[in-house]
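Here the structure comes first, spelled out in structure tokens, and everything after it is commentary.
The values are calculated or read from the model by the stated rules, or taken from the named source; none is laboratory data. If you're wondering where the values come from, they're calculated on a predicted model, not measured in any experiment. Cβ atoms come from the backbone with ideal geometry, glycine included; neighbour counts cover every protein chain shown. The protein model used for the area step is the full one, side chains on, heavy atoms only, and it has no ligands, DNA or RNA in it. Shrake-Rupley method; radii C 1.70, N 1.55, O 1.52, S 1.80 Å.
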Amino acid sequence: MKALSISNLRKTYKGGFEALKGIDLNVEEGDFFALLGPNGAGKSTTIGIISSLVNKTEGKVSVFGYDLDTQLVELKRQIGLVPQEFNFNQFETVRQIVVNQAGYYGVPRQVAHERAEHYLKQLGLWDKRNDPARMLSGGMKRRLMIARALLHEPKLLILDEPTAGVDIELRRSMWDYLLEINKQGITIILTTHYLEEAETLCRNIAIIDHGAIVENTSIKRLLATL
Ligand code: ADP
Ligand code: ADP
């Protein structure tokens with residue numbers, strides 16, 4: 001089963017800038033996949049389109065077989081998104097932010113509370129559950145967004161530069177956590193501009209530059225050619 005299938009995806013922003021110039025990408029179920037590229041390459045645009053936050057100009061996208069154009073509700077249910085910016089209400093408590101996500105996906109309230117406890121414990125945030133999110137450190141806010149993204153138990157977790165601005169120790173523990181949930185069966189796609197991050201975590205990689213995929217291979221093969 002393909003977790004993600006993209007063909008001939010194009011994005012031209014208003015004003016005429018071509019951010020994606022017809023990309024093809026396939027990610028298999030269970031993969032840990034990196035989309036690597038420099039700033040401005042088109043990584044955020046790509047995942048923005050997959051998670052339906054950005055409109056595409058042309059092309060086909062499907063997630064676990066659900067088509068972006070015709071099966072949007074089902075497609076969205078497959079995806080947990082961890083965006084780059086902190087986009088939660090800083091005045092809500094940690095637990096509220098996670099539990100509130102249930103409303104978007106029809107997760108029953110009791111189940112949402114149980115899962116929130118589970119994920120907040122796993123991510124080391126349970127002690128902070130009653131604190132307003134603004135009290136958290138940057139690394140904790142990042143982990144809060146991971147807990148929120150997992151609440152509806154998506155099959156595909158997409159993270160945009162998950163460890164940007166996170167210190168090295170915390171980065172390690174986040175890496176360990178992502179590897180663990182991948183082992184449990186969640187397909188993961190992350191964007192990064194660190195080759196080291198891709199190397200540590202991922203099995204397969206696509207390199208994007210100026211809106212085009214310039215390499216799409218396994219990490220093993222990529223490293224063998226360097
Ligand atoms: P990355 O995530 O790889 O850094 P982005 O997908 O954010 O790259 O951006 C790709 C290109 O598209 C960049 O040149 C960026 O300036 C441009 N871009 C992104 N968003 C917009 C927008 N809303 N309007 C116009 N150009 C944009
Ligand atoms: P707001 O009034 O801030 O838009 P919402 O209740 O719409 O409040 O959203 C709460 C927060 O959750 C917002 O910061 C929003 O960006 C984020 N959010 C909304 N829908 C989703 C979603 N499907 N996945 C991830 N985050 C979401």
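General remarks:
- In order through segment 144-149: 3J(HN,Hα) via Karplus (6.51 cos²θ - 1.76 cosθ + 1.60), integer Hz, x for Gly, Pro: 4, 5, 5, 4, 4, 5
- Bridge type composition, segment 74-226 - antiparallel percent by DSSP, nearest 5: 45 percent
- Between amide H atoms placed 1.01 Å from N, distances below 5 Å from I208 occur with L36, G37, V214, all of them 5 or more places distant or on a separate chain.
- Think of it as helices only: each DSSP H run of n ≥ 4 in the chain is worth -39500 (n - 2.57), and spread over all residues that comes to -10500 deg cm²/dmol at 222 nm.
- Relative contact order computed over segment 106-226 (Cα-Cα under 8 Å; 6+ residues apart), in percent: 18 percent
- Per residue accessible area of the chain, 1.4 Å probe, in Å²: 48 Å²
- Cα gyration tensor category, rounded, prolate or oblate, for segment 1-71 with a/c compared to 1.5: oblate
- Derived scalar couplings between HN and Hα for segment 132-137 equal x, 4, 5, 6, 7, 6 Hz in order, rounded to whole Hz, by the Karplus curve 6.51 cos²θ - 1.76 cosθ + 1.60 (θ = phi - 60°), x for Gly and Pro.
- Across segment 81-97, rounded Karplus estimates of 3J(HN,Hα) from the backbone phi angles (6.51 cos²θ - 1.76 cosθ + 1.60, θ = phi - 60°) give 10, 10, x, 6, 8, 6, 10, 9, 6, 5, 8, 7, 7, 3, 5, 4, 4 Hz, Gly and Pro being marked x.
- Counting Lys and Arg as +1 and Asp and Glu as -1 over every other residue whose Cβ lies under 14 Å from the Cβ of P154, the net charge comes to +2.
- For the listed peptides 134-141, 118-125, 85-92, a ranking on the average number of other beta carbons within 10 Å per residue, highest first, reads 118-125, 134-141, 85-92.
- Segment 55-114: relative contact order as a whole-number percent, Cα under 8 Å and 6+ apart: 17 percent
- Under 12 Å, Cβ to Cβ, from N182 - net charge with Lys/Arg +1 and Asp/Glu -1: -1
- Between L159 and V82, I189, L190, T191, the built amide H atoms are under 5 Å apart, and every one of these is 5 or more places off in sequence or on another chain.
- Accessible-area composition of the chain, carbon plus sulfur, in percent [1.4 Å probe]: 48 percent
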